[in-house]
Amino acid sequence: MLKTKKETYMIKLRQTLILLCFLFYTVTLYAQTQAVTGTVTDNTGAALAGVTVGVKGKKLVAVTDANGRFSITIGNVATDVLVLSYVGFQKREVSLNGQNNITVLLQPATGNLGEVVVVGYGTQKRADLTGAVSTIKADVLNDRPITDASQALSGTASGVWVNQSSGQPGSDGANILIRGVGTLGNSYPLVIVDGLISSMGSVNPSDIASITVLKDAASAAIYGSRAANGVVLIQTKRGKKGAPQFDFTTSFGSQKATDLPHQVTNSVQYMNLYNQALANQGQPAFFTPSTISKYQDGKDPLIYPNNDWFSLIFGPAYINDNNLKISGGTDATQYMVSLGYLDQNGIVKNDNSKRYSALVNLNSRISKAVDFGINMNLIHQTQNQSWYNGSSNGMITEVMRALPMYGTYTSTGQYAGTWVNVINAQINNPYSMVDEGLNRGIGNLMQGSGFFNVEPIKGLKWNVTGGLNYGDGQGEVFDPLIYVFNPLTGAQQNQVGNGPPSRSLTDSYSNNLRTTLYSTLSYTKTIATDHSITALIGYNQEQYSQRSFQSYTEGFQTNSLTELNAGSTNPQVAGTSSAYAIRSYFGRLNYAFKDKYLLEANLRSDGSSRFAANKRWGFFPSFSAGWRVIEESFLKDQNIFSNLKLRASWGRLGNDQIGLYGYIPTLSLGSLYDFNSQITGGVAQTALSNPNITWETSTKKDAGVEMGFFQNKLSVEADYFDEQRSGILQTLNIPWIIGNLTPPTVNLAGVNNRGWELSTNYSQNIGKLKFNVGFNVTHVRNKVTNVLTPQIGTNVIEDGQPINAFYMVKATGIFQTQQEVDKSAKPATNTTAPGDIKYQDISGPNGKPDGVIDDNDRQIVGKPIPTWTYGANLSAAYQGVDVSVLLQGVADVQSYVGGNLYFPFFNGAGITTNWVGNTWTPTNTTAALPRLLQYNAATNNYMTSSFWLQNASYTRIKNIQVGYTIPQSITEKIKLKYVRIYVNAQNPFTFTKFQGLDPESAVGGSQYPNMKVFTGGITVRF
Amino acid sequence: MKPYKYYIVGVLLIMMSGSCKKDVFNLSPTDKLSPASFWKTSSDASAGLTGCYSNLWDITEEVLPYMDVLTPNAYSNYPWEGWQAIAWGNATSNGPGGITYIWQGAYSGIGRTNVFLANIGNVSMDATLKARMTGEAKFLRALYYFNLINYYGDVPLILTPPDISQAKQPRTPVAQVRQQILKDLDDAASVLPAQPYTGSDIGRATKGAALTLKAKVLLYNGQWTDAAAAAQSVMTLSGSGYALFPSYRGLFLPANENNNEVIFDVQFESTGKYSSSWDTYLGLYNASYTPGWSSIEPTQDFVDTYDMKDGSTYSAANPLADPTDKYNNRDPRLDQTIFRKGVNYNGLPYPVDSKGFAGIYTGFSFKKYTVYDNAPTPMVSYQKSYINGILLRYADVLLMYAEAQNEAVGPDASVYDAIRQVRQRAGINPPNLPAGLSQSQMRDRIMHERRIEFVGEGLYFSDVRRWKTANVELNRAVQLNGSYKAGVMDVRKYDPNKNNLFPIPQHEIDNSQNAIKQNPGY
């Protein structure tokens, strides 16, 4: 007797692997009769287990066993046609023509129709999806020097923009935005790892099996209240049946900054430029001719240095990543153990991060109707960085402030200052910022979960999943006491840093715990052969709490004892805790008619502790439909389309990402005063609460088409989307006259965010050459609507304008003549002269141009969120050699840059080389930059204006990898199954007009440069 | 195994998750109080009042010693500290930072006093203490508003607890705000004690503080008769014990805090919780001397104006003038206020470079309001300065009286006597001003006396504006003579039609939807 099913693949089991083991089980139990037998293999000849073998037009189904073998009783060996289907492979029909023992070869699916996609609380076959979903498989990540899982998505999926703003080891997570920015506050997606709410940083990239991005309402609505920004689902790798398999991969490499500021490093040139700026300001020279000539004549490099501080503090950094996985199992039970060790130095001297990770999971089927699994993921990460200003992130700024005349060390080995009169009272030696003190962070993350599934009657499944995410963090910052010494006289100059003046130590500790429990009940049924129904209902509860503690003390005797017990004075403590909870009910209904017409509905209701009782519950529905046109008879007899599907969705989602207690009025403690030197605790209202805040809601529409051509060699997927947010949760800007209180969070505004995305993929095998080309592009524009009160600043939130549009006076050029200055509008303060920036006069106090440049002339001049994001990938393999290239870019985006890097002598700092010879002078009137003036001069050139706004578009070769797989004939001799060696270059080339540092960082606003990483490594399986 | 066991396990798990509990959402801040349960007891009232005092830091720490750099008395080299651009006439509605310190701090204090005054009525506590606390809050509200009208002119007058509806409140005419200030001060004076506080109440507002502030408000508004009367009411306030502290230098040393000259001050302490950084700002930038920054330095322009020790005006021909050092034999306050070439700084000779230029930027450093002296002195760290910032003191009462009385009546004996007291304490001998000065001559003498006596206390910027001498005083170049800035002319600009008031911070104009209008000229 055979177990028969018409449409096995309509069964939506929770995980691919469970599907597999379940099917093995049925085969071993029931396969008794044979009429036709056969073996199914892949194109390498390896047996395929779990392949569904059906008979066309009949309800007969068999499944291949672990050796790829199947047997099936059929009616007519001469005329019946077998239909073989398997996840990830092309469906194949085989006419038996009288044979009763056949071997069938299945080709891997070049498209991804058979792929099982992880969706909210379950899986679906890609063909059956009615929502907009992107998936990224592990092979996109393999062997790339990805140090944080968030980096993996860069350039790989349409609608997903990944911006890595910092390359600091241990702090190099990238920001992920799905379909641009639809809100004003937190716009990052919900991240779910193995079913639990988590973060991208909580998983070793090497352990990721797949990443699914839920982009529209249909796919994300099952996550309701937190899904408005999209959802990223990460599934970690799990064991497969078989003898223990060992996978080991290791890579070594070197990293360097994508770019560093190019600073004037010749001391005499610096002094002359400084004096020139003063001369342009009508001021006497600061560096006297005698100082300059003494410097010119000086020989001792310790006393007369020309230090290039960037090359002294920033340098190539080592990276080493190792991963070992052991997996295997029996029919009933499979396991995986994965261990990882990442050791990464930073490009700032002495920066380092180490990550140790361990992933353990187990699946077991304990009876016909019951299976369970557990999952443990542990990460321990350490980070060392500069104590100065609390992190290494600002080292670019600090090094810009170190002038070429600043010495390294004195002849006696002490930290040097300089004998030259300098502009800043504070001379800081950058070496002391990276070589002294202590700034150590330790983070531990643990995710543990378990689930079990019970199937009491066929088609009805009950799942219970519970888990916890625990994290803790420890920080230690020791501020040392360091003096710099005059390299000429040896006299003590000043203390490094502004203080605190004596040594101090801050120890901090925090932990957080999130417990999640959800349960789902699903039922799948096919009625009258043509109607497939799957229904799911569920309950979810989540509680989160965190505690933090911080202690501080001073009075250390030396720079080397850095424990709290070694301090003696002014101990201080602080600490607090917070919590939130969410409870949810949800349901989903799928209906398919003849596998052609697909309908899906989702509902979720969430209650959140962030809102008052009467505003607490939100209700989030979605509806979607799909039409698999390819299944229609009119497309049967053509060989152009191999897939054609139309789909559309509508839904409502929520966003609750605000502070925890915004609706509760509070009084703060700590507004103290000291009466007669006795500190007295005070209580004060410091914030305005808003009892009426409630969910931010997002209404999303999506229409998409999926096409496959030429046996899916070419696939095209395009979507149009339109999102309208309303009641966006945002802090309201209020004047300080309201008690100078922290403003309340309100449901402030709306945003419309719409665009389209397109992804194509083409793959072909030409002889032994296999290649694949993919391209994706997203065009998205957002517009603020219904804002309660416009939020005015350098970035504005105003009706009809892009989010955070740049709002400033517009520069129209550089004044060439005094006559031009005289007849033009200019700011009322400071003198404007030829060589200064010319601004556009658009208004005045009375709404008309008034000849004065001031705040009335501010206008929208740009936007910080790109309109275009795109990515492309190319991969090719020929015999054992494989090459892959990944490209990523953004366009139509601006970045406002200022500060040390862009303004000369900013608060006494250095000057970048682009100012040299490139400034306006009466004889260099076509110069790009205005006349050379100090940032602190009485000038209007450095007022916030579009002159300093830059085009931050860029195209970046994100990754190039070349690998060679050693032929099996050789590896078998050394008892290895698989050996691949590779070299990899990350961020090797960037194409941009952006002046200054990395354009990707500029968009994100950080100052720690991104890195170019060159690695080589080996992967071994045995 | 039978599946039913798993049903039981599953149900148990779900029950364990607390799904039946209704209070899962019942979460509130664990380190903050709920207003609903506050304002019940006298300790609540006391803590709420302390919160009102707390904002004194905001309007003092980064402000008081810096105000003189807006005048020729002093110089600040660092634009990022938020004051230089004001002196240069370059301040805009976007800054520098110094402009917003007072605005934000004062409105924070006003919000808190308004909350206190709205709730104190419901607290069950001793009636006398309740009345005193109400008086303290009213004094503080008056002080905060006085700071606002003094620097910004018309300001929104808000007397109710903070509420979002205040966002579009326009500016109230200064006269109306002043009327409220005087009312608050009268209310406060009627309930506050005249006697000095003791123990941990030292530092609270007294009746004398309310009356002194009243005198100042009236004086700044040219209400001479009323101002003289208010000042006199302080001079005759029985039980107050007000007197000039015998040592001018000692008045500004931590050891002598809360002496009987101090009428109201901002109480700093040394742990960093409620401290200042004045020793750092004022301290000489030279590691061998202090961890200071030379952020605020007195100018030669100012130092030159000290009289001689006998009260005569300096000139090279003056018999007391020392041809080797023109700063010798001056008003003793000079060396109690200033470090100069030729004296020791913390036990070391005041630094002079090879070309003979002293110090850093101006050639002088402040001694007043630092712990540093000619003898070696232990250094004080950043954010660890704790000398109280004096807002109202008895010498000011005397000179306010003298000025108001001279304007209202003329230079009568009481005017002479008030000034004599101040000069006598300073050590000028003889302390008397020459007899027979005209009203106008006396006015000049009082102006001069105020400049010398209160330098570094932030009063001169307000004095020159109300005297209408700002157009001259704040509108000229000041020579810098320090080794880093030898010979540089620091050009100050002042437009009486504009710079008499600070610009309203742009933040307020933008976020009130233009309900708050800008001051003229900005």
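The values are calculated or read from the model by the stated rules, or taken from the named source; none is laboratory data. Treat the numbers as computed from the prediction; the structure is a model and nothing was measured. Neighbour counts run over all protein chains shown; Cβ positions are idealised from the backbone, glycine included. For accessibility, only protein heavy atoms count, side chains too; no ligands or nucleic acids. Shrake-Rupley method; radii C 1.70, N 1.55, O 1.52, S 1.80 Å.
Size of the dipole of the protein assembly as shown about the Cα centre, Lys and Arg at +1 and Asp and Glu at -1 on the beta carbon, nothing else charged, in debye to 20? Each step should come with its number before you reach the end.
Numbers: 126 positive and 115 negative charges, 1103 e Å.
In total the dipole reaches around 5300 debye.
Peptide B:269-279: average number of partner chain Cβ atoms within 10 Å per residue?
That average works out to 4.
For the protein assembly as shown, would you read off the P(r) tail past 43 Å as a percentage of all alpha carbon pairs? Could the numbers behind the result be given before it?
On the way: 670699 of 1191196 pairs.
That fraction is 56 percent.
For A:Leu561, tell me the accessible area in Å² from a 1.4 Å probe, rounded to the nearest 10.
110 Å²
Let me know the charge dipole size of chain B about its Cα centre in debye, to the nearest 20, where only the beta-carbon of Lys, Arg (+1) and Asp, Glu (-1) is charged.
1160 debye
FRET efficiency for A:Leu324 and A:Val573, Cβ-Cβ distance as r, R0 = 45 Å, nearest 0.05?
Step by step, r from the Cβ atoms, then E = 0.60.
To the nearest 20 Debye, how big is the dipole of segment A:775-920 about its Cα centre, given +1 on the beta carbon of each Lys and Arg and -1 on that of each Asp and Glu?
The dipole magnitude comes to about 140 debye.
Could you work out the mean count of beta carbons from other protein chains within 10 Å of each residue's beta carbon in A:661-671?
Mean partner-chain Cβ count within 10 Å for A:661-671: 6.
Just for the Cα atoms in segment A:249-335, what are the lengths along the principal axes, largest first, rounded to whole Å?
For segment A:249-335, the Cα spread along each principal axis is 87, 32, 13 Å.
Quick check on packing: order B:441-451, B:129-139, B:340-350 by the mean number of other C-beta atoms within 10 Å, highest mean leading. Provide the component values of the computation, followed by the final result.
Values: B:441-451: 19.0, B:129-139: 22.1, B:340-350: 16.5.
Ranked by mean Cβ neighbours within 10 Å, highest first: B:129-139, B:441-451, B:340-350.
Determine the per residue accessible area of segment A:909-1022 with all protein chains present and a 1.4 angstrom probe, expressed in square angstrom.
With all protein chains present, segment A:909-1022 gives 42 Å² per residue.
Just round it to a whole percent: the fraction of Cα-Cα distances in segment B:102-147 exceeding 11 Å. Let's see the in-between values first.
On the way: 667 of 1035 pairs.
Result for the distance tail: 64 percent.
Got a sec? Charge dipole of segment B:275-375, +1 on Cβ for Lys and Arg, -1 for Asp and Glu; which of B:Leu320, B:Leu334, B:Gly356 is way out at the positive end?
Towards the positive end, the residue furthest out is B:Gly356.
What are the semi-axes of the equivalent ellipsoid for segment B:429-522, taken as the square roots of 5 times the Cα gyration tensor eigenvalues, largest first, in whole Å? Write down the numbers at each step before the final one.
Values: eigenvalues 227, 90, 30 Å².
Three semi-axes, in Å: 34, 21, 12.
For the pair B:Leu12/A:Lys848, report the inter-label distance in nm, with labels modelled 7 Å from Cα in the Cβ direction.
The answer from the label model is 8.5 nm.
Starting from segment A:687-722, pick out the chymotrypsin sites (Phe, Trp or Tyr not before Pro) whose DSSP state is loop and whose Cβ has at most 16 other Cβ atoms within 10 Å.
A:Phe710
Among A:His380, A:Leu635, A:Val53, flag the residue with its Cα farthest along the positive direction of the charge dipole of chain A, charges on Cβ as +1 for Lys/Arg and -1 for Asp/Glu.
The Cα lying farthest towards the positive end belongs to A:Val53.
Taking the Kirkwood radius as the inverse of the mean 1/r across Cα pairs, report the Rg/Rh of segment B:347-387.
That ratio is 1.02, to two decimals.
How high is the relative contact order of segment A:665-817, in percent, counting Cα pairs under 8 Å that sit 6 or more residues apart?
Details: 307 pairs, mean separation 24.3, N = 153.
Once divided by the residue count of segment A:665-817, the mean separation gives 16 percent.
Interface size between chain B and chain A, please: total buried accessible area, 1.4 Å probe, rounded to the nearest 100 Å².
Summing both chains' loss of accessible area gives about 7500 Å².
Quick one: the Cα spread of chain B along its three principal axes, in angstroms, biggest first?
114, 54, 48
May I ask you to compute the full-extension gain from A:Asn421 to A:Leu874, defined as 0.36 nm times their residue separation minus their alpha-carbon distance, rounded to one decimal in nm?
157.4 nm
Before I look further, what does segment B:1-147 give for accessible area per residue, probe 1.4 Å, in whole square angstrom?
36 Å²
Using 1/(1 + (r/R0)^6) with R0 = 51 angstrom and r between the beta carbons of A:Arg547 and A:Ala66, what's the FRET efficiency to the nearest 0.05?
E(calc), rounded to 0.05, equals 0.55.
Using only the heavy atoms of the protein chains and a 1.4 Å probe, how would A:Ile860, B:Ile360 rank by accessible area, largest first?
A:Ile860, B:Ile360
Return the Rg/Rh ratio of segment A:147-251 with Cα-based radii and a Kirkwood Rh.
Values: Rg = 15.1 Å, Rh = 14.9 Å.
That ratio is 1.01, to two decimals.
At 1.4 Å probe size, put A:Phe989, B:Phe454 in order of accessible surface, largest to smallest. Present the calculation step by step, with values, prior to reporting the outcome.
Details: A:Phe989 110, B:Phe454 5 Å².
Highest to lowest solvent-accessible surface, that is A:Phe989, B:Phe454.
Just for chain A, what percent of DSSP beta bridges are antiparallel, to the closest 5?
Roughly 95 percent of the DSSP beta bridges within chain A come out antiparallel.
Excluding ligands and nucleic acids, what accessible area in Å² is computed for B:Ser414 using a 1.4 Å probe, to the nearest 10?
Probe radius 1.4 Å; accessible area of B:Ser414 about 40 Å².
Rank A:Phe815, A:Phe906 by accessible area, highest first, at a 1.4 Å probe radius?
Result, largest first: A:Phe906, A:Phe815.
Keeping the other protein chains in place, figure out the carbon and sulfur percent of the accessible area of the protein assembly as shown, with a 1.4 Å probe. Before the final figure, lay out the partial values.
Working: 31370 of 57000 Å².
Here it works out to 55 percent.
Any idea what log10 I(q)/I(0) is at q = 0.09, 0.19 Å⁻¹ for segment A:418-535, Debye with uniform C-alpha scatterers and no solvent?
The Cα Debye sum returns log10 ratios of -0.56, -1.02.
Hey, rough spin-label estimate for A:Ser824 and A:Ala358, points 7 angstrom out along Cα→Cβ, what's it come to in nanometres?
Modelled inter-label distance: 6.8 nm.
List the residues of segment A:913-945 that lose 40 Å² or more of accessible area once all protein chains are present, compared with their chain alone (1.4 Å probe, heavy atoms only, no ligands or nucleic acids).
A:Asn936
When you look at the Cβ of every residue in B:162-168, what mean number of other chain Cβ atoms sits within 10 Å?
6
Under 20 Å from a point 7 Å along the Cα-to-Cβ line of A:Ala535: which residues of segment A:461-484 have their amide N that close?
Residues passing the 20 Å test: A:461-464.
Work out how far the C-alpha atoms of segment A:647-787 reach from end to end along every principal axis, then list the three figures in whole Å, largest first.
Rounded to whole Å, the extents work out to 90, 36, 21 Å.
Can you list the residues of segment A:115-145 with backbone N under 20 Å from a point 7 Å past the Cα of A:Arg1021, pointing along Cα to Cβ?
Those under the cut-off are A:115-116, A:136-145.
What is the ratio of the Cα radius of gyration of segment B:249-362 to 2.2 N^0.38 Å, with N the residue count, to two decimals?
1.24
With the crude spin-label approximation of a point 7 Å out along Cα→Cβ, what separation in nm comes out for A:Asp139 versus A:Met376?
3.3 nm
Defining a contact as two alpha carbons under 8 Å apart and six or more residues distant in sequence, what relative contact order in percent does chain B show?
In percent, rounded to a whole number, it is 18.
Rounded to the nearest 0.05, what FRET efficiency do A:Asp799 and B:Ala243 have when you use their Cβ-Cβ distance and R0 = 56 Å?
Details: r = 64 Å, r/R0 = 1.14.
Efficiency, from the Cβ-Cβ distance: 0.30.
Rolling a 1.4 angstrom probe over the protein heavy atoms, how many square angstrom per residue are accessible across segment A:126-249?
Computed with neighbouring chains in place, this is 20 Å² per residue.
For all pairs of alpha-carbon atoms in segment B:5-150, what percent lies in each bin of width 5 Å, listed from the first bin to the last filled one?
Whole-percent P(r) values from 0 Å outward: 2, 8, 13, 12, 11, 9, 8, 7, 7, 6, 4, 4, 3, 3, 1, 1, 0, 0.
Checking the table A:Lys56/A:Lys636; B:Lys183/B:Lys384; A:Lys215/A:Lys636; A:Lys241/A:Lys461 against a 26 Å threshold on Cα-Cα, which pairs fail?
Result: B:Lys183/B:Lys384; A:Lys215/A:Lys636 exceed 26 Å.
Kindly write out, for segment B:33-44 in residue order, the coupling ³J(HN,Hα) from the Karplus curve 6.51 cos²θ - 1.76 cosθ + 1.60 (θ = phi - 60°), rounded to whole Hz, with x marking Gly and Pro.
9, 9, x, 5, 9, 9, 6, 10, 10, 5, 6, 4
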